[in-house]
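Trainee: A single structure is presented below for examination.
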Amino acid sequence: MASIGGIADDKLQKALDDAAKEVGKGQAYIANYMFPEGRTCSGDLKVLEKACELVTKMGAKNAKMLNVSGAFHTPYMEAAGAALSKVLDEADIKMPTIKVYSNVTGKPYTSVDEIKTLLKRQLLEPVKWEQGTKDLVTLGCTQYVEAGPGKQLKAMMRRIDNDAWGKCITLDQT
């Protein structure tokens, strides 16, 4: 995977497509819409390395490779998706009593069938973090909680909506 920031989505997509052509095999995809012009890309390692070079030349603020074990949120995860699909088909899932947002749509789940369908797709499709967070802001949420150590989600919130960032708290055990 690669973290790429400071470049518009259309330019990033062009760099991913051009990198795949230059490498000659493999693909890379936008895997996570974290915040405006902040994306994580995933796919073939050589294509990602070439894409980092290309976006840097195009003026991206940052482009760095991430040390991860898979091409998450891309079609490269199809084999894992088949296994997950089987487990989800057998799972007894209930509708949550609170709104839970799908990473695939950036919107709340509306049914158990939708939960199962979208969880299967989540392995293969990009995370819509930015879109889901914007939906929460539009709804007028008054507080956002990052449950756990670190402040990554709060940092992303600052780039999505500065007023909402001021309503963030982080729960950690430091």
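Trainee: Would you mind calculating the relative contact order of segment 51-137 from Cα pairs under 8 angstrom and at least 6 residues apart, reporting the percent as a whole number?
Mentor: With pairs under 8 Å counted, the relative contact order is 31 percent.
Trainee: Sorted by packing (mean other beta-carbon atoms within 10 Å per residue), highest first, where do 95-101, 123-129, 20-26 land? Intermediate values should be presented prior to the final figure.
Mentor: Values: 95-101: 10.4, 123-129: 20.1, 20-26: 13.4.
In descending order of packing, they fall as 123-129, 20-26, 95-101.
Trainee: Around Ala164, what is the net charge, scoring Lys/Arg as +1 and Asp/Glu as -1 over all other residues with Cβ under 14 Å from its Cβ?
Mentor: Details: positive: Lys134, Lys154, Arg158, Arg159, Lys167; negative: Glu130, Asp135, Glu146, Asp161, Asp163.
Around Ala164, the surrounding residues sum to 0.
Trainee: Go ahead and set up a Gaussian network model of the chain, Cα springs under 10 Å, then flag whichever of Glu90, Glu114, Glu130 fluctuates most.
Mentor: So, out of Glu90, Glu114, Glu130, the one fluctuating most is Glu90.
Trainee: With unit charges on the beta carbon (Lys/Arg positive, Asp/Glu negative), name the residue among Gln143, Gln122, Ala82 whose Cα is farthest towards the positive pole of the charge dipole of the chain.
Mentor: The Cα lying farthest towards the positive end belongs to Gln143.
Trainee: Still on this structure, please answer the following. Please work out the FRET efficiency for the pair Ala155 and Lys46, using the Cβ-Cβ distance as r and a Förster radius of 30 Å; give the result to the nearest 0.05.
Mentor: Values: r = 30 Å, r/R0 = 0.99.
So the FRET efficiency works out to roughly 0.50.
Trainee: Moving on. Expected output is a single nm value to one decimal: the length gained when fully extending between Lys116 and Asp89, i.e. 0.36 nm times separation in residues minus the C-alpha distance. What is it? Could the numbers behind the result be given before it?
Mentor: Values: separation 27, 0.36 × 27 = 9.72 nm, distance 0.73 nm.
Answer, rounded to one decimal: 9.0 nm.
Trainee: Reachable lysines from Lys14, Cα under 30 Å, same-chain residues fewer than 8 places away excluded?
Mentor: Straight-line reach from Lys14, under 30 Å: Lys25, Lys46, Lys50, Lys57, Lys61, Lys64, Lys107, Lys120, Lys128, Lys134, Lys154.
Trainee: Could I have the simple spin-label model distance between Thr170 and Glu78, label points 7 Å from Cα toward Cβ, reported in nm to one decimal?
Mentor: Each label point lies 7 Å from its Cα, and together they span 4.0 nm.
Trainee: Also, I was wondering about something else. Along its principal axes, what span do the Cα atoms of the chain show, with the longest given first and each in whole Å?
Mentor: 49, 42, 32
Trainee: For the chain, with only Lys/Arg (+1) and Asp/Glu (-1) charged at the beta-carbon, what is the dipole magnitude about the Cα centre, in debye rounded to 20? Provide the component values of the computation, followed by the final result.
Mentor: Values: 24 positive and 22 negative charges, 69 e Å.
In debye, rounded to 20, the chain gives about 340.
Trainee: In segment 15-174, what percentage of the DSSP-assigned beta bridges are antiparallel, given to the nearest 5? It would help to have the intermediate numbers written out before the result.
Mentor: Working: 7 of 12 bridges.
The antiparallel proportion sits near 60 percent.
Here, each number is a calculation from the coordinates, and none is a lab measurement. A quick note: this is a predicted structure, and the numbers were derived from the prediction, not measured. Glycine also receives a Cβ, built like all others from the backbone with ideal geometry; neighbour counts cover every protein chain displayed.
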